[in-house]
Each structure stands twice: as C-alpha cells, then as structure tokens.
Amino acid sequence: MKQSNLFTKTSKDVPADEVSRNAEFLIRGGFVHKEMAGVFSYLPLGLRVLRKVENIIREEMNKVGGQEVLMSSFQPKENWEKTGRWEAMDDLYKVSDSSGREVALGPTHEEIVVPILKNYISSHKDFLEKKPLALYQIQNKFRMELRAKSGMLRGREFIMKDMYSFHTNEEDFEDFYEKMKEVYKTIFKRVGIGHLTYLTFASGGTFSKYSHEFQTISSSGEDTIFLNSEKDFAVNKEVVELGNLDILKELGFDEKNKLSEHKAIEVGNIFDLKTKYSKPFDFSYTDQKGDKHIVLMGCYGIGLSRLIGTVVEVLSDDKGIIWPESIAPFAVHLLVLGEDEKVKKQALQVYESLTKSGVEVLFDDRSGISPGEKFADSDLLGIPIRAVVSARSMKDSSVEAGGGIEVKRRNEEKGKIISLKELLIQIVPKALSR
Ligand code: ATP
Ligand code: MG
C-alpha cells in the first residue's frame, strides 16, 4: 500500500487523559481513534494488526477442536436474573428501549451460551459424538469499567475471545483444561510476548481452589505477581493475600529467594466453572442408565485489544512501537527519500517487486516530507523492516548498477545496503511464512 493513499496520518497529539504508552503510540500512529474513555475505533493500520491477532487465536482454537460462533451482544434480562448476575454484576451495562424493556449488553456470554447448548444437547451420546464440545467467539464486550485510563488495556468496549467447554466428567474437563494451558502458551509465543508471559495461579472464586491467569510482565500492569522463574510459573499477589497456602507450597513460596515480584498485565485466563452456570439453566444430560447430571463447564478468555495494548507496552522504545513480525500491519516499510526522479523510479520498482512476491509493503512515497519526518514516522509505526531508497543508497559501491537499498530492522541501530535481489532472498520466504 502506498502511504500517500493511506487515509490516516501520524500525529503528535494525544488526548490529555491518555497517559499510557500504548494509547500514545497507537493513537499517534493512527492505528486507533479514541471515542471516549475506554472506547476505541480501529483504523486501517490497527485493523490489520487486530486481524492478524484474531487469525492466530482462531487457528489455535480450531486446532483443539473449538467451533467458532458469534453470539449476540444484546442479552435477555431473564437469563441474567436466572444466574443472579442482573443484580450482582456491578459493571453490567443495562439498556432499555422506548417501551421500557431492559436488556444486558454482553460483558461475557455464559448466560447466552448455556441456553443455546441446552437446546441441542441432552444425552451422554451428544457428548460422545461431539468431542470436544467447545464453542468460541471473537467479539466486542461491554463493561462499565471505573478505571478506563490505560488505553487498550482496560476498555469499556473491548474485543475478547471467549471459549466455553462442556463436559460430562471431571477427567474430561481436566484433560481439555490442560490442553488449553498449552494452547494459550503457544498463542502468546506466536504474538511475540511468550518470553514475558507466565502461567499464574490466581484466586478461583467460590467454586474451585484456583484459576489460571496468563500474566505478561510489564511496569504498566495493574496486577502484581510473584514469579518462580525456575519452575516457569507465577502466583498472583491477591492469592497470597487470601492466604491460599496450598498454592504457596506448590510454588515453593517458603523458599523466598526463588521468587521475584513483578507488575504484570493479565492477558488471558482459564477457569473451571464446574456447574456454576449450567445449574441455573438446568443444563443436564442423561447417562447410560437414564440418570440425570448437570453438565460441567470451563471458560477460557483472551482480551485481544488488551493483548495489542500489551504488545505495545512491552515491545516499544521511546520512538515508537516494535511490532513482532507475526502481527505487524506490514512486513516492510519502504521509504523513498528526496524528489529525484531516478530514485523515485528505483523505489517504485522495489515496491512492485516486493508486492508481486506477496510481501506486505507500506510504501512511503509521500513527496514534500523530509527524511527526518519519514524516519520518525517509520519508528513510530514500528514495521519490522525498514527499506530506504535514496540517492545515497543507490550510489553505494558495494551494490552494482546503482541498485542499493538501505535495510534496517526496527530493533537495530544500523542498517546495511543491499541489492533488490538480496532483499527478495532475505525477506520473501520469511514474509510469506508469517
Ligand atoms: P480484570 O481483572 O483485568 O478486570 P477480568 O478478570 O475481569 O479481568 P475476564 O472477565 O476473565 O477478565 O475476561 C477475560 C479476558 O478479557 C481477561 O483476561 C483480559 O485479557 C480481557 N479483559 C477483561 N476486561 C477487559 C477490559 N476491560 N478491557 C480489555 N480487556 C479486558
Ligand atoms: Mg474485570
């Protein structure tokens, strides 16, 4: 894509109440537009990143046998009354129409998914035929968050992947739950934050001993975790405060020297729901003997918008974002410097060759913009590879026939001048495999 054609521009302005690094860079880079506290629209660059994150998550959910659905955002009040959450959930958006009829604006989907399942599943045979029985969706959620001050990390409208699994026995549940732990690790690795993200024991609520969160170490995190790096997992400080001593022992908490304290962002969590939501809807099945049992459930969430914000928080420098290749909006940022016709022609040829080979290129072909401004924009947008065509690069004697391109990774200080042929050899196979 030619940057002269991209409708967004970078800017120097950030809304006064947005203090987080992720909001600053994503807004200034033109990835998102802030509508109100905790509410953002995705613009072309931001949507490209979101789609890549979605596809990685979708691939991994499909691998474990999840089936994708898209449930409604409007949710019947009656369902929420059944689970007791119409009154109990204090961040629930309740909206009413002109006749006074009230509905909930979905903050999560247990109240929708259980009645759907109940409509189709009633016998143990239904479970055996559909193994695993797990539905997921990627969708906007609505929560009346009080603290919506950290950009994409805490939205009032935000995008979540939520999966719900259904089981006839504990063993089957445990089996799937363990698989999901591994799948989550794979997802965080694939989006580039695996090295900073830890499986973390968290409070399990009323029904189970603990749940598991995936926490990414970041100074901008709201949570505090104690990390046991030897064992590769962590415990949320809130659990320690609750005095859940079993977990502490399991984590070697008595051997204090092995644990370090960190601020962290919860990018995902997995939960044993037992019969908490199936029971209120009497979602049950009959076994071989004809006896009735309530269905067991697990749920598995990842906040995609929070994940994108987290990547920006932890993979950036003072100049801007440093996108991992897997979710970058483009693979290559090609810059042409100066107004010389020969240089422009060469840059256009590089653009066309890369594009023809299937590489996603953002081509900064804008005229009347100084090299300094182009470099600053490129650092802000954070595309992994910057390729510059200029009079200087073309004059370089190490490349024949004036075809030099200065190539630099976003996380490197210095670039290297190479030929188009070399660039194609270096970039194309990697770009196509991402
Ligand atoms: P938190 O403790 O941060 O409020 P939560 O326990 O309410 O999170 P869940 O309801 O389990 O979160 O939602 C699943 C996932 O959705 C979380 O792990 C997180 O990644 C994401 N998420 C939750 N709330 C928000 C929000 N307000 N904005 C963006 N993402 C969110
Ligand atoms: Mg919450």
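Scanning the stretch 118-174 for residues that are of a type in the set (Gly, Ala, Ser) and under 14 Å from CYS299 (Cα atoms) gives ALA134, SER165.
Yes or no: ILE112 within 19 Å of LEU70 (Cβ to Cβ) and among the β-branched types (Val, Ile, Thr)? Yes; evaluated as a whole, the condition is true for this residue.
Please determine whether any residue of the stretch 157-170 is farther than 20 Å from VAL53 by Cβ, within 13 Å of ligand 1 (Cβ to nearest atom), part of a loop (DSSP other than H, G, I, E, B) and at pLDDT 95 or above. Within the stretch 157-170 (the criterion being farther than 20 Å from VAL53 by Cβ, within 13 Å of ligand 1 (Cβ to nearest atom), part of a loop (DSSP other than H, G, I, E, B) and at pLDDT 95 or above), the answer is no, since none of the residues qualifies.
So the check is Cβ under 8 Å with 6+ separation or different chains; which pairs have a first residue in the stretch 138-154 that's farther than 22 Å from LYS94 by Cα and a second one that's within 11 Å of ligand 2 (Cβ to nearest atom) and in a loop (DSSP other than H, G, I, E, B)? Pairs found: SER150/GLU222; LEU153/GLU222. Under the condition of being more than 16 Å from ligand 2 (Cβ to nearest atom), touching a residue at least 12 places away in the same chain (Cβ under 8 Å), under 24 Å from GLY155 (Cα atoms) and surrounded by fewer than 17 Cβ atoms within 10 Å (Cβ to Cβ), the residues counted in the stretch 77-93 number 1. Of the residues that make up the stretch 305-322, is at least one touching an Asp or Glu at 6+ places or on another chain (Cβ under 8 Å) and either under 22 Å from LYS209 (Cα atoms) or aliphatic (A, V, I, L, M) (or both)? Scanning the stretch 305-322, I find no residue that is touching an Asp or Glu at 6+ places or on another chain (Cβ under 8 Å) and either under 22 Å from LYS209 (Cα atoms) or aliphatic (A, V, I, L, M) (or both), so the answer is no. Among the residues of the stretch 368-427, the ones that are part of a loop (DSSP other than H, G, I, E, B) and within 17 Å of ALA328 (Cα to Cα) come to 6 in all.
For residues that are touching a helix residue (DSSP H, G or I) at 6+ places or on another chain (Cβ under 7 Å), surrounded by 15 or more Cβ atoms within 10 Å (Cβ to Cβ) and among the small types (Gly, Ala, Ser), tally how many sit in the stretch 43-76. Final tally of qualifying residues: 1. Inside the stretch 94-132, residues that are of a type in the set (A, V, I, L, M, F, W, C) and exposed (fewer than 11 other Cβ atoms within 10 Å of the Cβ) make up a count of 1. Does at least one position in the stretch 34-57 carry a residue that is within 15 Å of LEU307 (Cα to Cα), over 16 Å from the mean Cα position of the chain (by Cα) and part of a helix (DSSP H, G or I)? No, the stretch 34-57 contains no residue that is within 15 Å of LEU307 (Cα to Cα), over 16 Å from the mean Cα position of the chain (by Cα) and part of a helix (DSSP H, G or I).
When the stretch 175-201 is filtered for residues that are more than 13 Å from the chain's Cα centre (by Cα) and among the hydrophobic types (A, V, I, L, M, F, W, C), the ones remaining, listed by number, are PHE176, MET180, VAL183, LEU196, LEU199, PHE201. For the stretch 262-282, residues that are away from ligand 1 (no atom under 16 Å from the Cβ) and buried (at least 22 other Cβ atoms within 10 Å of the Cβ) total 1. Listed by first and then second residue, the pairs with beta-carbon distance under 7 Å, at least 6 apart or on different chains, first residue in the stretch 262-274 and of a type in the set (D, E, K, R), second buried (at least 22 other Cβ atoms within 10 Å of the Cβ) and not in a strand (DSSP E or B), are LYS263/SER218.
The sole residue among ASN236, ASN169, ASN140 that is buried (at least 22 other Cβ atoms within 10 Å of the Cβ) and of a type in the set (S, T, N, Q) is ASN236. Looking across the stretch 101-138, the residues that are assigned to a strand (DSSP E or B), under 20 Å from LYS77 (Cβ atoms) and away from ligand 2 (no atom under 16 Å from the Cβ) come down to GLU102, VAL103.
Among the residues of the stretch 274-302, just one is among the aliphatic types (A, V, I, L, M) and within 16 Å of ligand 2 (Cβ to nearest atom), namely ILE302.
Restricting the search to strands (runs of 3 or more DSSP E) fully inside the stretch 270-365 and requiring at least 3 residues that are farther than 30 Å from GLY402 by Cα, modelled with pLDDT of 95 or more and of a type outside the set (Ser, Thr, Tyr) gives 292-294, 296-303. Looking only at the stretch 104-156, residues that are within 11 Å of ligand 1 (Cβ to nearest atom) and either out of contact with any strand residue (DSSP E or B) (no Cβ under 8 Å at 6 or more places or on another chain) or not acidic (Asp, Glu) (or both) come to 19 in all.
To keep it simple, each residue is scored yes or no on (1) touching a strand residue (DSSP E or B) at 6+ places or on another chain (Cβ under 6 Å); (2) within 17 Å of LEU337 (Cα to Cα); (3) at pLDDT below 95.
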{"site": "ALA376", "(1), (2), (3)": "no, yes, no"}
{"site": "ASP379", "(1), (2), (3)": "yes, yes, no"}
{"site": "ALA387", "(1), (2), (3)": "yes, yes, no"}
{"site": "SER397", "(1), (2), (3)": "no, no, yes"}
{"site": "ALA401", "(1), (2), (3)": "no, no, yes"}
{"site": "GLU422", "(1), (2), (3)": "no, no, yes"}
{"site": "VAL428", "(1), (2), (3)": "no, no, yes"}
{"site": "LEU432", "(1), (2), (3)": "no, no, yes"}
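Do we find that SER316 is among the polar types (S, T, N, Q), within 16 Å of ligand 1 (Cβ to nearest atom) and under 26 Å from the mean Cα position of the chain (by Cα) in this structure? No; evaluated as a whole, the condition is false for this residue.
Given the structure, is GLU182 modelled with pLDDT under 95 and away from ligand 2 (no atom under 16 Å from the Cβ)? Step through it out loud before you land on a result.
Values: modelled with pLDDT under 95: no; away from ligand 2 (no atom under 16 Å from the Cβ): yes.
No; evaluated as a whole, the condition is false for this residue.
The values are calculated or read from the model by the stated rules, or taken from the named source; none is laboratory data. Just so it is clear, the model here is predicted, and its values are computed rather than measured. Neighbour counts are summed over all protein chains in view; Cβ atoms, including those assigned to glycine, are modelled from backbone coordinates with ideal geometry.
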